[in-house]
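Trainee: My structure is below; once you've seen it, I'll send some questions.
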């Protein structure tokens with residue numbers, strides 16, 4: 001977790017430095033559209049779009065892992081309770 005945060009900070013720092021140093025206008029063509037914007041904005045929006053795609057693609061796996069952990073924690077609680085009850089019976093306590 002900490003490693004991913006450090007890598008993210010380094011990537012964002014690199015993007016910021018590149019963006020500040022290269023703020024010239026660029027002409028973009030996308031199918032039939034033509035428009036002009038600064039290179040900084042192009043880098044920023046492409047990074048934002050890429051991050052959104054990664055988030056959408058990894059969300060289902062993260063949700064399934066969260067649900068599995070939740071289910072396993074419930075099972076663990078149930079087994080601990082059973083073990084406690086068995087120990088209590090073994091010691092002669094009701």
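Trainee: I'd like the full set of residues that are at pLDDT 80 or above, in contact with a helix residue (DSSP H, G or I) (Cβ under 8 Å, 6 or more places away or on another chain) and surrounded by fewer than 13 Cβ atoms within 10 Å (Cβ to Cβ), limited to segment 13-35.
Mentor: 24, 25, 28
Trainee: For a quick check of your reading of the model, give me the residue pairs whose first member lies in segment 43-60 and is closer than 20 Å to residue 22 by Cβ, whose second is in a helix (DSSP H, G or I), with beta-carbon atoms closer than 8 Å and at least 6 apart or on different chains.
Mentor: Cβ pairs passing all conditions: 43/15; 43/18; 43/19; 44/15; 44/19; 47/15.
Trainee: Among 38, 64, 46, which is under 28 Å from residue 12 (Cβ atoms), out of contact with any strand residue (DSSP E or B) (no Cβ under 8 Å at 6 or more places or on another chain) and surrounded by 10 or more Cβ atoms within 10 Å (Cβ to Cβ)?
Mentor: Going through 38, 64, 46 in turn, just one is under 28 Å from residue 12 (Cβ atoms), out of contact with any strand residue (DSSP E or B) (no Cβ under 8 Å at 6 or more places or on another chain) and surrounded by 10 or more Cβ atoms within 10 Å (Cβ to Cβ): 46.
Trainee: May I pose another question? Can you say whether residue 87 is farther than 30 Å from residue 5 by Cβ and under 32 Å from the mean Cα position of the chain (by Cα), as far as the supplied structure shows?
Mentor: The answer is no for residue 87.
The values are calculated or read from the model by the stated rules, or taken from the named source; none is laboratory data. Quantities reported herein were computed from a predicted structural model and do not represent experimental measurements. Glycine gets a Cβ as well: all are built from the backbone with ideal geometry, and neighbour counts include every protein chain shown.
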